[in-house]
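The values are calculated or read from the model by the stated rules, or taken from the named source; none is laboratory data. The structure presented is a predicted model; accordingly, all values stated were derived computationally and were not measured. Because the Cβ atoms are built from the backbone with ideal geometry, glycine has one as well, and the counts that use them run over all protein chains shown. In case anyone asks, the SASA skips ligands and DNA or RNA and just uses the protein heavy atoms, side chains included. Shrake-Rupley method; radii C 1.70, N 1.55, O 1.52, S 1.80 Å.
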Amino acid sequence: MDNHVPTQDSIVTVHNLTFSRGEKKIFDDISLEFERGKVTAIMGPSGTGKTTLLKLIGGQLFPDHGSIMVSGRNIHHLKHDDLYALRKRMGMLFQSGALLTDMSVFENVAYPLREHTQLPESMIRTLVLMKLEAVGLRGARNLMPNELSGGMARRVALARAIALDPMMILYDEPFTGQDPISMGALVHLIKALNTTLGLTSIIVSHDVHETAAIADYIYVLSEGKVIGQGTPKDIFDSPSLWVQQFMNGAADGPVHFHYPAKNYMEDLLHSEKPIFSRQRPPNDRTTKRKRYS
Amino acid sequence: MEFFQNLGASTRSSFTKLGRGSYFLVHLLAGISSVLVRPRLLLKQLHSVGVLSFLIISISGLFVGMVLGLQGFYILSRFGAEETLGVMVAASLVRELGPVVTALLFAGRAGSALTAEIGLMKATEQLSGMEMMAIDPIKRIISPRFLAGFLSMPLLAALFSCVGIIGGQLVGTGLLGVDDGAYWSQMQANLDFQGDIINGVIKSIVFGFVTSWIALFEGYDSIPTAEGVSRATTRTVVNSAFSILGLDFILTALMFGDN
């Protein structure tokens, strides 16, 4: 897609990014813009490397080609200290929450403050309670992470992500596996944080309706390419059959229900090997190597 | 043809792993200075790695010492040299069994726990989460654990040897009738501080370094799935045992060659 217009005020610019894992090309020369102060969503089916994209933006992975500019600086050319300084201004909400399991909710939220600031204990307490209040979990501050439900854990992680008042937050599948009430709470929370704190939000998700409800701009990815972009309305009205299938959740369409395989009839009649054989295929060197390492 | 391909592939993968491990070690050692600024991180790990290993180390030490007392007595009494039982027990413990058995037990008790802990932290994205919070997980998670293992090992080995000597004395003088005074005085007269004790401590320092490094690296380098973590834990115990026994041979050859 070359028809995107780079805007002046973008906080993250992904330029001609190519990234592969082994033989598989995850991203094939894609370019994306994330505007400051907006909620931008990246959508696509599972396995299109959406989480990988967030890790590339966070500087945890390196691209094969292309560049990612965050706040005007190429994140992959930064020195270790500069990278860490920049990461202090980014929050990331992991799918699992990634809370530190040996600390209480309060300590988890206080952790980045204690690590990066020299604030007195009373100030840390006030800040932590403010952040927990924002996600509605001030009363849960003494619980341990294993006592939290999935939705609560994610809200605590969100409180931790905003503890240092970042300029942007990366959300990795914030809605996956949530019951409708938690999901509603999170949708509301993400939008509210974005407007009240003046953040920039990047959401990676395949929950079409929740994401479309709060996103200002959407990119739809498939097989390493951007196959649709625009406001939620543009996307829902997209002429592309693929985008239509994804947005409406149709089982079959340009994306086939079946994983590529040979002819069904032929496969049933000529089984080349007993089904429960424990033998490896003869050329599968990767599994062999794993075994001995 | 395929044989050579596999040979090449496995050689290459073990060398890249060695490279990753060395890089990890350098990074980890660089992080130690920041642990010294935060002694609380270290204290917590010293407790879980060192203090909690006390029981297994002292009980094993006691039994090993008792067995040495028995076996030593049977052999020495044939030559009428029961009086030197103390020397035999103490020398075998301080030179060999103390450092080696402690290190093996440590790898099983604390090393496997470290690998599983780090591997699970990786699997639950806690390490990645810390990186994104601009907190270096090597400095905050790995280095304190390494230092704790490194410091605990010589102390645990010393504990093992002491308890073992007492175990030998219990059996030797209590059950078998070796003279108590001879047990201790022979030990004092014939054990060399430099040659025996210091060399034993050096061994346990080396084993502490290697075991902690292996345990932490295997956890950090594990494939973040249930299966991956379980394999990494196994590798920790196996590789630690190999390295401990191999290094023990090399160190013994270097240290006690002149005698």
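For this structure, a couple of remarks:
- Heavy-atom accessible surface that A and B bury in contact, both chains counted, 1.4 Å, Å² to 100: 2400 Å²
- Quarter of Cα convex hull surface for the range B:65-112, i.e. mean projection, nm²: 3.4 nm²
- Of A:Lys79, A:Lys88, A:Lys24, the order by accessible heavy-atom surface (1.4 Å probe, DNA, RNA and ligands excluded), from most exposed downward, is A:Lys79, A:Lys24, A:Lys88.
- 20 Å-binned pair-distance histogram of the protein assembly as shown (Cα, whole percent): 18, 41, 28, 11, 2, 0
- Our analysis of the range B:50-204 gives Rg over Rh at 1.17, with the two radii drawn from alpha carbon positions and Rh computed by the Kirkwood formula.
- Each residue, B:Leu254 and A:His116, gets one label point 7 Å from its Cα in the Cβ direction; the gap between the two is 4.4 nm.
- Relative intensity, log₁₀ I(q)/I(0), of the range B:207-259 from a Debye sum that treats every alpha carbon as a point, q = 0.18 Å⁻¹: -0.60
- Measuring how big chain A is from its alpha-carbon positions, Rg and Dmax come out at 21.7, 74 Å.
- For the pair A:Arg89 and A:Glu147, the difference between a 0.36 nm per residue extended length and the Cα-Cα distance amounts to 17.9 nm.
- The charge dipole of the protein assembly as shown, taken about its Cα centre with unit charges on the Cβ of Lys, Arg, Asp and Glu (plus for the first two, minus for the last two), comes to roughly 220 debye.
- Neighbourhood net charge (13 Å Cβ-Cβ; Lys/Arg +1, Asp/Glu -1) for A:Leu132: +4
- Descending semi-axes in whole angstrom, ellipsoid equivalent of the range A:114-203, from the Cα gyration tensor: 22, 17, 11
- All-pairs alpha carbon distance profile, the range B:44-123, 10 Å steps from 0, percent: 17, 36, 24, 14, 7, 2, 0
- Normalised per residue, the volume of the convex hull around the Cα set of the range A:150-252 (Å³): 111 Å³
- Over chain A: helical MRE at 222 nm, DSSP H runs n ≥ 4 each giving -39500 (n - 2.57), nearest 500: -10500 deg cm²/dmol
- The range B:152-259 - Debye-derived log10 I(q)/I(0), Cα point model, q = 0.11, 0.12, 0.16 Å⁻¹: -0.53, -0.60, -0.86
- Shielding by partners, peptide A:158-167 (average Cβ within 10 angstrom, other chains): 1
- Accessible surface of the range B:1-97 [probe 1.4 Å, protein heavy atoms]: carbon and sulfur percent: 74 percent
- Segment A:Ala251-A:Met123, extension gain: residue separation times 0.36 nm, minus the distance between their alpha carbons: 40.8 nm
- In Å², nearest 10: area of B:Leu68 left accessible to a 1.4 Å probe: 30 Å²
- Peptides A:209-222, B:114-127, B:227-240, A:175-188 ordered by packing proxy, namely the average of other Cβ atoms within 10 Å per residue, highest first: B:114-127, A:209-222, B:227-240, A:175-188.
- Cα-based helix-to-principal-axis angle, B:143-169 vs chain B, degrees rounded to 10: 20 degrees
- Take the Cβ atoms of B:Gln5 and B:Ser77, set R0 to 56 Å, and the FRET efficiency comes out at 0.40.
- Distance-filtered residues of the range A:218-257 - backbone nitrogen under 20 Å, label point 7 angstrom along A:Asp267 Cα→Cβ: A:251-257
- Spin-label zone in the range B:37-72 - amide nitrogen under 15 Å from a point set 7 Å from the Cα of B:Arg109 along the C-beta vector: B:46-65
- Accessible surface of the range A:1-144, 1.4 Å probe, proportion on carbon and sulfur as whole %: 50 percent
- Averaged over its residues, the range A:1-83 has an accessible area of 49 Å² per residue, based on protein heavy atoms and a 1.4 Å probe.
- In angstrom, the C-alpha Rg and Dmax of chain B are 21.3, 70.
- The simple spin-label model puts a point 7 Å past each Cα toward its Cβ; for A:Asp82 and B:Ser14 those points are separated by 4.1 nm.
- Extension gain, B:Leu170 to B:Val51: 0.36 nm times the residue separation minus the Cα-Cα distance gives 40.3 nm.
- Grouping the Cα pair distances of the range B:74-163 into 5 Å bins from zero gives a pair-distance distribution of 3, 12, 16, 14, 12, 10, 8, 7, 5, 4, 3, 3, 2, 1 percent in increasing distance order.
- Distance (nanometres) between label positions extended 7 Å along Cα→Cβ at A:Leu197 and A:Ser31: 3.2 nm
- Probing with 1.4 Å while keeping every protein chain in the model, the per residue accessible area of chain B equals 47 Å².
- Relative contact order (%) - chain A, alpha-carbon pairs under 8 angstrom, separation at least six: 22 percent
- Number of partner chain Cβ atoms within 10 Å, mean per residue of A:89-101: 4
- Against the main long axis of the alpha-carbon atoms of chain B, helix B:199-220 sits at an angle near 30°.
- Accessible-area rank, largest first, for B:Val51, B:Val26: B:Val26, B:Val51, with all protein chains present and a 1.4 angstrom probe.
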